[in-house]
Each structure stands twice: as structure tokens, then as C-alpha cells.
Amino acid sequence: MSPEEIIQRRVARELRPGTLVNLGIGLPTGIARYIDPDLGILFQSENGIVGMGSRPPEGMEDEELTDAGGSFITAVPGAATVDSTLSFGLIRGGHLDVTVLGGLEVDEKGHLANWVVPGKMVPGMGGAMDLVACARRVIVAMQHTAKGRPKIVPTCTLPLTANRRVTLVVTDLAVIEPTEDGLVLRERAPRAAVEEIVAATSAKLIIPDDVPEMVFLD
Amino acid sequence: MKQAISPQQAAEMVPDGAVLMIGGFMGVGSPHRIIDALVAAGRKNLTVIANDTGKPDFGIGRLIRANAIAKVVASHIGTNPETQKGMIEGRIDVDLVPQGTLAERIRAGGYGLGGVLTRTGLNTIAAKGQRVIEIDGEDWLLATPLKAEFALIHCDRADFVGNLTYELTATNFNPVMATAGATVIAESREIVPVGLISPDNVNTPGVLVDYLIRREAHRVA
């Protein structure tokens, strides 16, 4: 399994039947392919659809049916399209069960930074601040390190996306749960040793006696 | 009965330096014919309130490339490097607002509200200079109303009295912007006689709309 596939397949296991889920652009988008359509999970895209489906066949795209990254999508049976105020009402109002997004840094308080690198990359927060501040559960899906540098750090050096503790961090090496006491190492990726995870993490990790290997859906 | 004007007539109404709201999400659901006319008219120093600035030379990105915009209030400019370049070079003033907050600020402007309280952005750099209001022990950020001289919107269908409907994800910011512009100009994919849009299906009532953009030239006279 590639690092991306490990992350995507492990996050897929977190998604419960009948929930409303927002998948961020990029790596999180690919999680949908590991979800059984019979589970009744609905995907939201914040540009205004509940019940986003996969990419349409070549030549059958609708220029007025796209996701938040501007890619062509379809609508699943039962889908609804909404305007931007209602779309964010769903996010802020506690109607969105899970948001899955990428991360630049997560720290020991469980804070996430993922929207700006001052002076270098200033794309804007888009919907990320609303999603992280307000979704019921926030899952960060990211590579454990960037060019060998740990992304799970004692304190975020980049500007925060929200002052809220995220629910879970899933990387290509580990599953980490931010708690009131700190970051708890819950699971390790296939063939990843606890020592390897600790070495790739600059934040302090709380390590239970048993750290089982990740389990994936078939 | 509304007046159907040409994109050029719409552009002539908009003076240099005007404050505009422009609908669309990365160009999906943007009023492209009006945008082209603003570029052709050589407008300058516009302030544009929009979700994003489209892509290079697409959607609002056409106005960026034409150097028509001095200030942007948006949630995201990442899909248009030309906006980021203009910001870094100091040619474009960019005010970044979280997307849900942007939508609510426009709604507050259009619905006659003094502001909206949100958790989004609390204790982040996006909250800089904004008031924090405590209600029953909980902190909220005050998002202030936004209004514009012109709201330039896109819709799927309009009837002769300006009732509008939208389609799929081209809806986005268009309906809320229709409430917050002093003058609202709607560019519709189709204009139909009154009665064809049933009252229950009207998303934006015609009382909010000032002008429709006339249809494109037909193949049959």
C-alpha cells in the first residue's frame, strides 16, 4: 500500500453509516473510493451540494455541477444542491458529522494549522476555518512528515486554522488521538514500529502499553 | 416588467472605483458576459466582493488580468496566482474572510442585520481587528455586514419580471448577493415568460432584481 492509500483506507473506517461528511480537496477526496455506497454516507461539498457523486463519464460533464476544487462531479440519488449560506449553515450548525482535511502542522494541544504559510503561500482559508471550528468531528489526514521534517510538533509555528482540538490524526505511520492530556498514539501503520513513529514526531506522544496495527476494511 | 440590457450597457453603469459583488465559485455560476464587458470597457480600481478570484483569465480572473481590480474581499485566492502576485506586489489589496463568514456578512448586509456572531476564526489571525462578544460565557466573533453598489449575478432562468432560479452548484453566492447590491444585474442562461416559473420555484423574487442581461443573439431571427 502507498502512504496515501494507508491514510485513505484508515480514515474510511472512521466514517459511519448515514452520516454527512466533507472531504477536503486533495488526499481526502480519494477516501470516497473506499466507502461502500450502501452505507448511505452523504458527501458534502461546501460550494453547495449534499450528496456529491464521483466524476462523470468523459464528455458528459455539466459545467454547473462541480466540487469545491472546481472538478466535475455527479449527484447521487437523493442529493440536494444549496446556496452558500445554507451550505455553511450545515457546517456551523452541527449538521456536518465529519470533516476530513489535510494538515501542515498539528500540535500537542491538538491544534491544526493548514491554511497559510506567511510570506510564502497565502491562498486564503476558503471553507477550512468554518469546517475545523464547527464540524462535529475533525479528522486530519496527512503525511507524517514533510521532506523528512515532523509535522506533528510541540506547538504549531504556523497560524492556526481554529482554536479547537481536532478529533483524530491519521498519517501514513500512525493514528494519533489528541486528548486533554496530550497526543495519544492509538495505532501504528503496517510495518511501522513505535520507535520509528516517535522518531518522526517532534511532539511528545503518550504511548499506551499496547499500540495495535491499523486495521483496514476489505 | 424588467428591462433587458446588453452586457455593454451594464458595464457602462458601473463607474471606475465601484464596489461590486460578483457571484460564482471558481467561475462556476459567474456572470461571464458582464465580466467580459467590464474588461472591454477598461474599468479600473474596482472593489470586488466574491468567494474567490476564479482562475487565470477565467471568471473574475479576467478582471484580475485586465488590472481592473484594486481591492478583493474573498475567502480564497489560491486558484489564481495572478491575484497572489498582485497582492505581493502591492497592486491588489486582499481581505481574506472565511467562506461561511463571507456568506453571512453578505446576508447581514442584504437582510438588514447589524452583524452576525460566529465561532469561525476565533483566536486566529483572521480575527485580527474584529470584536469578540461574550454571550452567556461563550465567546463569539462579530462579523459585520457587507453591501455593494452593484451585485452582478448569474442564474439559470429568469422571467420577464425578474424572478430567478438557479441550477446545481452554480447557485453558490448568487442568491445572497441578490439581496445585498444596491443595483442587481442578473445574467440568466434563459429568459422565459411570466408564469413559467411557478411561485414555489422562485429562488430570488424579481423585486430584488433591477436589470436582466438580454439574451445572446439567436440563430433564428
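The values are calculated or read from the model by the stated rules, or taken from the named source; none is laboratory data. Note that the coordinates shown come from a computational prediction; the quantities given were computed from them, not determined experimentally. Positions of Cβ are generated from backbone atoms using ideal geometry, with glycine treated the same way; all protein chains shown enter the neighbour counts.
What to note about this one:
- All told, B:GLU187 meets the bar of being assigned to a strand (DSSP E or B) and in contact (Cβ under 8 Å) with a residue 40 or more places away in the chain.
- Filter result for A:VAL215 (β-branched (Val, Ile, Thr), more than 17 Å from the chain's Cα centre (by Cα) and in a loop (DSSP other than H, G, I, E, B)): yes
- Of all the numbered requirements in (1) in a strand (DSSP E or B); (2) under 22 Å from B:ALA74 (Cβ atoms); (3) of a type outside the set (Val, Ile, Thr), B:ALA4 misses one, and that requirement is (2).
- If you go through the range A:2-34 and keep only what is part of a loop (DSSP other than H, G, I, E, B) and more than 28 Å from B:MET26 (Cα to Cα), you end up with A:SER2, A:ARG13, A:GLU14, A:LEU15, A:ARG16, A:PRO17, A:GLY18.
- Whichever residue in the range B:141-155 is crowded, with 19+ Cβ neighbours inside 10 Å and within 14 Å of chain A (Cβ to nearest Cβ) and, among such residues, is farthest from B:ILE22 (Cα to Cα): B:LEU141
- In this structure, A:GLY127 does not satisfy being touching a strand residue (DSSP E or B) at 6+ places or on another chain (Cβ under 6 Å) and among the small types (Gly, Ala, Ser).
- Test: residue in the range B:50-58 that is without any contact (Cβ under 8 Å) to a residue 60 or more places away in the chain and more than 14 Å from chain A (Cβ to nearest Cβ): yes
- Of all residues in the range B:156-188, those that are more than 22 Å from A:SER87 (Cα to Cα), surrounded by fewer than 24 Cβ atoms within 10 Å (Cβ to Cβ) and either modelled with pLDDT under 95 or more than 17 Å from the chain's Cα centre (by Cα) (or both) total 3.
- Against the criterion of being surrounded by fewer than 19 Cβ atoms within 10 Å (Cβ to Cβ), within 14 Å of chain A (Cβ to nearest Cβ), at pLDDT 95 or above and within 15 Å of the chain's Cα centre (by Cα), B:HIS76 does not qualify.
- Considering residues of the range A:74-111 that are touching a Pro at 6+ places or on another chain (Cβ under 6 Å) and not in a strand (DSSP E or B) only, the residue nearest to the other protein chains (Cβ to nearest Cβ): A:ASP83
- Residues of the range B:79-94 classified as among the β-branched types (Val, Ile, Thr) and more than 10 Å from chain A (Cβ to nearest Cβ), total: 1
- Taking first residues from the range A:157-182 that are within 14 Å of chain B (Cβ to nearest Cβ) and partners that are of a type in the set (Asp, Glu) and surrounded by fewer than 17 Cβ atoms within 10 Å (Cβ to Cβ), the Cβ contacts under 9 Å between residues at least 6 apart in sequence or on separate chains come to A:ARG165/A:GLU180.
- The single condition among (1) surrounded by fewer than 24 Cβ atoms within 10 Å (Cβ to Cβ); (2) more than 8 Å from every other protein chain (Cβ to nearest Cβ) that B:VAL97 does not satisfy is (1).
- All positions within the range B:100-112 that are at the interface with chain A (Cβ under 7 Å from one of its Cβ atoms), free of Cβ contacts under 8 Å to residues at least 40 places away in the same chain and more than 13 Å from B:LEU141 (Cα to Cα): none
- Tally, over the range A:117-140, of residues that are assigned to a loop (DSSP other than H, G, I, E, B), at pLDDT below 95, more than 8 Å from chain B (Cβ to nearest Cβ) and in contact with a Leu (Cβ under 9 Å, 6 or more places away or on another chain): 1
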